[in-house]
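Undergrad: Right, I'll just put the structure down here and ask away after.
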Amino acid sequence: MSSFTIYHNPRCSKSRQTLALLNERGVEPDIVEYLKSPLSMDDLQSLQQKLGVPALAMIRSKEQAFDDLGLNTVQDSDDALLEAIAEQPSLLERPIVVCGNKAVIGRPPENVLKLL
């Protein structure tokens, strides 16, 4: 089985549920607590490529930083949105699970089953 990585926030119930779902299926992913170890622009671009989604899909639009940065009023480029995530890691949608060259956002947690 390929190795798995979860970009995880232990304070988030969906992130905890996703990790538990993986563990129940015998998957012990590498855990990256992205709030403690923020992702670089290169990391975020790689994640976006693996997810196959626009950067806006990777952003938590209900976070205060989303409004504070004015992201709700402009049509920013993917790079501008990823830069915002790099500067404010709390903006990253969570959890994100990666396996090989594919990734999914664990909302709902059952989305990760696509990687198994």
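Readers should treat all values here as calculations from the given coordinates under stated rules, not as data from a laboratory. This structure is a prediction, so every number in the text was calculated from the model and none was measured. As a convention, Cβ positions derive from the backbone with ideal geometry for all residues, glycine included, and neighbour counts pool all protein chains shown.
Undergrad: Can you show me the helix-derived [θ] at 222 nm for the chain, built from DSSP H runs with n ≥ 4 at -39,500 (n - 2.57) apiece and divided by the number of residues, rounded to the nearest 500.
TA: That comes out to -9500 deg cm²/dmol.
Undergrad: Roughly what % antiparallel, to the nearest 5, for the DSSP beta bridges in the chain?
TA: So the antiparallel bridges in the chain amount to around 70 percent.
Undergrad: What residue among SER77, SER90, SER61 has the largest mean-square fluctuation in a Gaussian network model of the chain, using Cα springs under 10 Å?
TA: SER77
Undergrad: I'd like the trypsin sites (Lys or Arg not before Pro) in segment 43-91 restricted to DSSP loop residues with at most 12 other Cβ atoms within 10 Å, sorted by number.
TA: Sparse-neighbourhood loop trypsin sites (Lys or Arg not before Pro): LYS62.
Undergrad: Can you list the residues, at least 5 places off or on another chain, whose amide H is less than 5 Å from the amide H of PHE4, using H built in the peptide plane?
TA: ASP30
Undergrad: Can I get the semi-axes of segment 60-116's equivalent ellipsoid? Compute them from the C-alpha gyration tensor as square roots of 5 times the eigenvalues, in angstrom, largest first.
TA: 25, 12, 9
Undergrad: Over the alpha-carbon set of the chain, divide Rg by the Kirkwood Rh and report the Rg/Rh ratio to two decimals.
TA: 0.96
Undergrad: Right, another one. What is the Cα convex hull volume of segment 17-67 when expressed per residue in Å³?
TA: 122 Å³
Undergrad: Per 0.36 nm of contour for each residue apart, how much would the distance between SER37 and GLU87 grow if the chain were fully extended, relative to their Cα-Cα spacing?
TA: That works out to 16.8 nm of additional length.
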